[in-house]
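Asker: Below is the structure I would like to discuss, written out as structure tokens.
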């Protein structure tokens, strides 16, 4: 199976490698089901040995802050290039964005910042979003892109069970940015496949009744005809997020 012809992707905010989720993570790798695996919030400076020996081409982008942030990408074939970070001067590098280039597509692993309690970090997040959008749109001018990860935004009211517009991830400004980004040439693959189905990818403070959908696979509109499936795997435990999946053919 060639990655760019038929591709299965799994993306998951794992909330750190830990004893509860390591067996699940190892089974995801050993199953060899996915052509690309993206983790967010890895909270480590080293790749676990079992993943290094898995046969996947694995790249880690750690945060400079200890036990914080970070992303990991694992693919069955080697990318042509891997770009790490956005070069943001207004905030320290936190391992938030990895851009993997293949011959026909860009795959992006993203962990967007939190807007902060009482939206204290909203201005900083909006600067990040603007920089991210500019970078992705510049790349997409050359070939299609798929953006996967924890974007820390619940785009629509049906993407949450609680909250108000003065809460991080639910603010008017964050959701407006998300709408503009989609309008610029991307589709939310989960909504494309499942319509207005209510299904959530994470929950707050251990309470699964306080759930939201912050995790996405956004696909360039030029290849929406290749989308064959998109889902949230609520059966998998080990984090306060659930994995999301995308299948392209």
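Asker: Express in whole angstrom the spacing between the alpha-carbon centres of the range 39-64 and the range 127-150.
Answerer: A separation of 23 Å, based on Cα centres.
Asker: Can you sort 244, 223 by how many other beta carbons sit within 10 Å, fewest first? Could the numbers behind the result be given before it?
Answerer: Values: 244 27, 223 16.
Going from least to most buried by this count: 223, 244.
Asker: To continue, here is another question. Normalised by the residues of the chain, what does the relative contact order come to in percent, with Cα pairs under 8 Å and at least six apart?
Answerer: Numbers: 542 pairs, mean separation 49.1, N = 249.
With pairs under 8 Å counted, the relative contact order is 20 percent.
Asker: Then there's this: Taking a cut-off of 31 Å, what percent of all Cα-Cα pairs in the range 7-248 are separated by more than that?
Answerer: Numbers: 4364 of 29161 pairs.
Pairs farther apart than 31 Å: 15 percent.
Asker: Please say if the range 133-249 is rounded, prolate or oblate, where rounded means a/c under 1.5 for a ≥ b ≥ c the square roots of the C-alpha gyration tensor eigenvalues, and otherwise the choice is prolate for a/b larger than b/c and oblate otherwise?
Answerer: On the way: a/c = 2.07, a/b = 1.37, b/c = 1.51.
Oblate.
Asker: Hey, another quick one. Exposure proxy check: 171, 30, 189 ranked by fewest other beta carbons within 10 Å? Spell out each step's value before the answer.
Answerer: On the way: 171 21, 30 11, 189 27.
Going from sparsest to densest Cβ surroundings: 30, 171, 189.
Asker: Right, here's the next one. Note down the nm distance, to one decimal, between modelled labels 7 Å out along Cα→Cβ at residue 182 and at residue 237.
Answerer: 3.2
Asker: Still on this structure: Across all directions of projection, what mean area in square nanometres is found for the Cα convex hull of the range 75-203?
Answerer: Values: hull surface 34.5 nm².
Quarter of the Cα hull surface area: 8.6 nm².
Bear in mind that the values in this text are calculations on the coordinates, not laboratory data. What you see is a predicted model, and the numbers here were worked out from it, not measured in a lab. Positions of Cβ are generated from backbone atoms using ideal geometry, with glycine treated the same way; all protein chains shown enter the neighbour counts.
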